[in-house]
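Colleague: This is the structure, below, for whatever I ask next.
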Amino acid sequence: MEHILRFELSGLLPGCERVAPNSARRGKAAVQHGRTWNRDMGQEFGHAEAASDEELLSEVSHSGDASAFALLFARYSRRIYRIGLKLTGNEQLSRDLVQETMLTVWQKAHLFDLDRGSADNWIFTMTRNRCFDLLRKAKRQPVCVSADDIWPPGEEAESVSETENPIERHALLSRIGGMLTRLPAEQQAVIKQVYELDFTHEEAARRLGIPLGTLKSRLRLGLDKLKYFVGPDK
Amino acid sequence: MNSKSNHHPSDIMLENFARRELPVGTSVIISAHVELCGRCRARVADFERREMREWHPEAATVDVHVPDLEGMIEGIISLPRQQPGRDKELATAAQDRFVNGARLPRALHQAAVNLQWSRLTDGIHQAKVAVDHETRCEFIHMAENAPSPAHTHYGREYTLVLQGSFHDDLGSYGVGDFLLRDASHEHQPVSDNGCLCFAVLDRPLRFTRGLPRLLNPINRLRFRGGLAR
């Protein structure tokens, strides 16, 4: 049950970060293949801010669309930087990580395959792989085996629970999506903290600013309700 | 590609692998096992999902200062993209690499270029591959019933069976099996039908019986030499 929730939730709550437009830099232009790029080009070229990461990635892949790339950059660069800082503790390496990862996105978007997972996952794998390669380079280790060969991108393996009972799980998953939204907001919030973001009960309570007891009772209520929606165990 | 492996890396190793915290050589052999083993693939996927919580913007516990990064965009999009026809990747992917007739897991493809085989003892051949400075990696081929020298290890020896099978006093191992032997085991592997393995040592072997013992000091030197390279 717990695994089911966690994975269903990650589908429901795409982790994409919107960066507030920075007016000071608005209008800064770059030339690419005779075209001019600026921050607002996304809209000019018909990319709603609402375009999904997957759509943008496939635009980059099929037509080398600079505005789609710029939107992806806006959504991901800060997250990559932050992960880099956590993994390396070094600001310059973190900048390099953004550069290398977004370059991979630009050059190898065609390796991303829609059928095999989310853009979020793919870019995350690329971030970890580029970080591994960067650290190897920093330690002057040979780089004859690429991190992408060791941790191939784009292949989202099934979870342990999925391999145990794929068919039943799949059927259940497609039903749970709708069920979650029928829970009260505060119950959805605790389920998300615990099952999607994988925090311990203590961490989740602290993050939500509620007492541990409250968290546990909301969690129990929410899960009971979901179990009720799902029906009795077979 | 799934084989029924009975011997797997520990969960701690799989987690460290998912976190990209192991030396390259060790990562390569675990990756090769994971490609062959659905069970471990699922575990690694779960560990990676756990890693991903740091990736979610809402999960960031500390607000770090992020410098202005947009200046990079211009430089990146001025670089050529790889052809979306993905001819190159497809060609590489289709070009499965075989050693001794065994199809190799992807992580071993780069390592298996231009293998130089050398004879260790009768029926046992090895081909070293330089993957990093922290481990020693090699392909090992055991001919039918060739007795390999009994040995223990200064460090840990990880072995992945790629073709055939072998056994030692602790058990028998087939394709996809992943073994860890350390200084507490003395073992003498034998293969009944021939066997190809990939092995990673994080310290040199120490032979415990017979003539191969003469190799001990040499092995140690070689390993140090390898590290200093």
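One line per residue, one yes/no per condition, for (1) at pLDDT 90 or above; (2) hydroxyl-bearing (Ser, Thr, Tyr); (3) assigned to a helix (DSSP H, G or I):
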position: B:LYS4; (1), (2), (3): no, no, no
position: B:HIS8; (1), (2), (3): yes, no, no
position: B:PHE17; (1), (2), (3): yes, no, yes
position: B:VAL34; (1), (2), (3): yes, no, yes
position: B:ARG39; (1), (2), (3): yes, no, yes
position: B:ARG43; (1), (2), (3): yes, no, yes
position: B:GLU51; (1), (2), (3): no, no, yes
position: B:THR61; (1), (2), (3): no, yes, no
position: B:VAL64; (1), (2), (3): no, no, no
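Colleague: Out of all the residues in region A:80-88, is one or more part of a loop (DSSP other than H, G, I, E, B) and in contact (Cβ under 8 Å) with a residue 12 or more places away in the chain?
Modeller: no
Colleague: Mind listing whichever residues of region A:134-147 are buried (at least 21 other Cβ atoms within 10 Å of the Cβ) and farther than 13 Å from B:VAL131 by Cα?
Modeller: Within region A:134-147, just A:LEU134 meets the criteria.
Colleague: Which ones in region B:93-138 are within 14 Å of chain A (Cβ to nearest Cβ) and either on the phi > 0 side of the Ramachandran plot or not in a loop (DSSP other than H, G, I, E, B) (or both)?
Modeller: Hits for region B:93-138 are B:ALA93, B:ARG106, B:ALA107, B:LEU108, B:ASN114, B:LYS128, B:VAL129, B:ARG136, B:CYS137.
Colleague: A follow-up question, please. Residue by residue through region B:156-177, note down the ones that are part of a loop (DSSP other than H, G, I, E, B) and either on the phi > 0 side of the Ramachandran plot or among the charged types (D, E, K, R) (or both).
Modeller: Across region B:156-177, the qualifying residues are B:ARG156, B:ASP169, B:GLY176, B:ASP177.
Colleague: Kindly provide the set of residues from region A:83-103 that are surrounded by fewer than 21 Cβ atoms within 10 Å (Cβ to Cβ) and of a type in the set (Ser, Thr, Tyr), ordered by number.
Modeller: Selection gives A:THR88 alone.
Colleague: Can you work out which of the residues in region A:155-174 that are outside any helix (DSSP H, G or I) and surrounded by fewer than 18 Cβ atoms within 10 Å (Cβ to Cβ) is modelled with the highest pLDDT?
Modeller: Ranking the qualifying residues of region A:155-174, first place goes to A:GLU155.
The values are calculated or read from the model by the stated rules, or taken from the named source; none is laboratory data. Just so it is clear, the structure is predicted and the values come from calculations on it, not from any experiment. So basically every Cβ, Gly included, is an ideal-geometry build from the backbone, and we count neighbours across all protein chains shown.
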